[in-house]
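**Student:** Have a look at this one before I ask anything.
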């Protein structure tokens, strides 16, 4: 079953035309059912990021009171998660090119589970902030590897279409996360949210171990160590088109997370929403994200890809 997911030799597999190098991307030989299963598995991996970031948002005022700290200090725990996510992507991406996809993924998910369990027992805001950095590192492994698996199996327009469909699965997480968090807070305190994240991480380890095969053969893994990685990063930073797109995406994400970090205090503290109402209000904003990613699929059918963002 797992081998068929990669090489597309299952019943009903499509025959694809070879690319310029005479190689057929493995994903082009997959059946529709196999693609759906792959999107669901990878979507679950990517969704752990938004769930980790957003699920505890309704509890931010409760954390402020429970740990006897300030709103600013609690908001920094969100910043810690993003710092871990950013650093993790820089480290785990090259690591997965050397070791393969499964080992960094399983290690990152295990780190996420450990950090989530320790968050349950965090005695103060400093410890909680540090553990959130570790959570971010674990989230980075899931996000980077899931994206890399798509790149291993698909190329060109197929890559863009699958990735857009993957965003549909991922887009549900920001809608559900605050709602799930607010629902949990009806039965438990804020520490229970991190217990739920630990359970979710453990389930994803099982899914990754048994449902996601290795997609990067040994013959395609990178060699050259840290030096080669640094040279690659230097080349990317010299690409004006790449840097421009990164700046646009970075500014957009900065605006988004300014809203994410402050919305719970504003909507609950200033406008009087309870935790459940906040979850619904926050989730409504993610609907636009899902709509935009699916509109992108239609645009790809009408316009050719730009060299500046096409996958290498």
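**Student:** Using 0.36 nm times the number of residues separating residue 214 and residue 98, minus their current alpha carbon distance, what extension gain do you get?
**Tutor:** 40.5 nm
**Student:** Any chance you could run the full-extension gain for residue 114 through residue 232? It's 0.36 nm times the residue separation minus the Cα-Cα distance, nm to one decimal.
**Tutor:** 39.3 nm
**Student:** To continue, here is another question. In square nanometres, what is one fourth of the surface area of the convex hull spanned by the alpha carbons of the stretch 105-208?
**Tutor:** About 7.1 nm², averaged over all directions.
**Student:** Measure off 7 Å from each Cα along the Cα-to-Cβ vector at residue 87 and residue 292, then give the distance between these two points in nanometres to one decimal.
**Tutor:** Each label point is offset 7 Å from its Cα along the Cβ direction, giving 2.9 nm.
**Student:** If you take the Cα Rg of the stretch 47-170 and divide it by 2.2 N^0.38 Å, with N the number of residues, what do you get?
**Tutor:** Rounded to two decimals, the normalised Rg is 1.17.
**Student:** So what are the radius of gyration and Dmax for the Cα set of the stretch 62-125, in Å?
**Tutor:** 15.0, 45
Since every read-out is calculated from the coordinates, none of them should be taken as a lab result. Owing to the predicted nature of the structure, the values given are computational and were not obtained by experimental measurement. Heads up, the Cβs are rebuilt from the backbone with ideal geometry, glycines too, and the neighbour counts pull from every protein chain shown.
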